[in-house]
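To start, the structure under review is shown below, and the notes come after it.
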Amino acid sequence: MSRCVVSKKSKLVRDFLLISTVASATVGASERSFAADAGPTVAKDWVQVNALTLDSYKKDFDKWSWVPKIDFRVFGPIPSGAQLYVDFNIPSAGSVKFDCPTQEILKGRYLDVRCGGRDVPEEKSSQYTGKVSFTIKMRNELSNTDATLFNGKMSVAKSKSNEHGPKAANKFVFYVDDDWNLPIGYLYLSKDDVRGWDLPGFHASFWVRGDEGRFEPHLFFNGKEVGKITRQGMQIGQASCDSEIEKQTNQSVDDSVPQKAKWTRMHCDFPNVVAWNKVKDGTGLEDMFVLAKNPGSYEIKVLWQSHLARSIKFTVSPDGKFDNGIATSNSLGDDRVIVPVQVLGDQDGKWNKTAWKSDAFYGNPLNGFKAAQ
């Protein structure tokens, strides 16, 4: 059964736990200044695919297998009569195709979609590992159209489960390797709840491999930390990070897989930092750090469990913006700015530092992007 919720306000932090088995769709209005194209557009940074492990294979409960599952965001318009669907081409199983919850939405709104998983019949499951192609499509029998919205390719891997006993040899846990995410980060603005785009907030997102733990983001301008406000000896509006997307297996893996095959995208807020300030009354806003008044070089340093784990460098122009053109030239489908992320320390465990070159956005590598060293 599908779940549809209409919201007047976009929620930037969303729980995208990919172990869920219920198809769903959530409609929201974009809070940011993104202008949708004439037709529906898939936001590449919101496409997340996973391999849901089943505890059987062709009715044999001594062997495990997997079925595809996907989450994605579509910016409207989606016309009346349209139907979103996904087609996975799995070498050992052939075409695995399924419909996704769909409803009509207008331009300027988006649809968050989750489908597949346990809605896929067990007879369509597979034990294949390697590259798997998939396509997000939209058909409309009212207009006799069938359009491709996104083409991708995921890397399916497997690991021994933590099962024990004589029948555990063929009980593998399957997952999609997402190491390509780690060197890629995002910067973006959001309108203020009260003052709208006269006082846009500043945000950053980045990926880690493993549990989220405790993160502390710090913003530096020309080498000096900014965005901190202290009143009566107390720091107020402290920057913070929370999980935005979590990807993990639905069965426990053994210790041979780094960080238990879990990836998390962190969303960071900087409450005392705004892109510009066009508020006329200005009362209570004098201490806010305004990017437009301080163009130049910036760096976000992130402590993870009290150890330096991430560095994100970017440049702000006199208009308070920081677009470097990478997201636009690669048709990201959203208004986030793509920035290189330097991964520091060893808390992510062993990971593939070159995966982004071929696997970024599931087989849609970035033009003009260079990983931070």
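The values are calculated or read from the model by the stated rules, or taken from the named source; none is laboratory data. Keep in mind the model is a prediction, meaning the values are calculated, not measured. Don't worry about glycine lacking a Cβ; one is built from the backbone with ideal geometry, like all the others, and counts go over all protein chains shown. Just the protein is used for accessible areas: all its heavy atoms, side chains included, with ligands, DNA and RNA removed. Shrake-Rupley method; radii C 1.70, N 1.55, O 1.52, S 1.80 Å.
Numbers at a glance
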{"read-out": "Evaluated over the stretch 44-105, the Cα radius of gyration and Dmax, each in Å", "value": "15.0, 46"}
{"read-out": "Options PHE174, THR148, ALA204, ranked by Cα towards positive dipole end of the stretch 145-204, top entry (Cβ charges)", "value": "PHE174"}
{"read-out": "Tensor-based shape of the stretch 238-277 (alpha-carbon gyration tensor, a/c under 1.5 rounded, otherwise prolate or oblate)", "value": "prolate"}
{"read-out": "Residue of ARG265, ARG118, ARG195 that the Gaussian network model of the chain assigns the largest fluctuation, springs spanning Cα pairs under 10 Å", "value": "ARG195"}
{"read-out": "Separation of the SER240 and GLN103 label points, Cα + 7 Å toward Cβ, nm", "value": "3.1 nm"}
{"read-out": "Under 17 Å from the ASP146 label point (7 Å along Cα→beta-carbon), backbone N, the stretch 92-119", "value": "95-100"}
{"read-out": "Estimated D of the stretch 182-333 in µm² per second, where Rh is the Kirkwood radius over Cα pairs and Stokes-Einstein applies at 10 °C, 1.306 mPa s", "value": "94 µm²/s"}
{"read-out": "Alpha-carbon spread of the chain, three principal axes, descending order, Å", "value": "67, 52, 37"}
{"read-out": "Prolate/oblate/rounded call for the stretch 125-260, Cα gyration tensor, a/c under 1.5 rounded", "value": "oblate"}
{"read-out": "Within the stretch 148-176: backbone nitrogen closer than 17 Å to the SER133 label point (7 Å, Cα to C-beta)", "value": "148-156"}
{"read-out": "Whether the stretch 66-134 is rounded, prolate or oblate, judged on the alpha carbon gyration tensor where a/c under 1.5 counts as rounded", "value": "prolate"}
{"read-out": "Label-point separation, ASP346 to ASN222 (7 Å along Cα→Cβ), nm", "value": "3.9 nm"}
{"read-out": "Top positive-direction residue, dipole computed over the stretch 277-326 with Cβ charges, set TYR298, MET288, GLY325", "value": "GLY325"}
{"read-out": "Computed helical MRE - 222 nm, the chain, DSSP H runs ≥ 4 contributing -39500 (n - 2.57), nearest 500", "value": "-500 deg cm²/dmol"}
{"read-out": "Rounded to the nearest 20 debye, dipole of the chain from Cβ charges on Lys, Arg, Asp, Glu", "value": "300 debye"}
{"read-out": "Virtual spin-label span in nm between ASP192 and GLU122, 7 Å along Cα→Cβ", "value": "5.7 nm"}
{"read-out": "The stretch 287-330, Rg to Rh (Cα coordinates; Rh as Kirkwood inverse mean 1/r)", "value": "1.09"}
{"read-out": "Accessible surface of the chain [probe 1.4 Å, protein heavy atoms]: carbon and sulfur percent", "value": "48 percent"}
{"read-out": "Among GLY233, GLY325, GLY282: highest mean-square fluctuation, GNM of the chain, C-alpha pairs under 10 Å", "value": "GLY233"}
{"read-out": "Highest-fluctuation residue, GLY201, GLY237, GLY333 considered, GNM on the chain with Cα pairs under 10 Å", "value": "GLY237"}
{"read-out": "Share of pairwise Cα separations in the stretch 172-252, more than 14 Å, in percent", "value": "76 percent"}
{"read-out": "Gain upon complete extension [LEU285, ASN170; 0.36 nm per residue less C-alpha separation]", "value": "35.3 nm"}
{"read-out": "Average Cα contact separation per residue, the chain, under 8 Å, 6 or more apart, as relative contact order %", "value": "16 percent"}
{"read-out": "Cβ-defined net charge surrounding HIS218, 12 Å radius [Lys, Arg +1; Asp, Glu -1]", "value": "+1"}
{"read-out": "Solvent-accessible heavy-atom area per residue, rounded to whole Å², over the chain at 1.4 Å", "value": "45 Å²"}
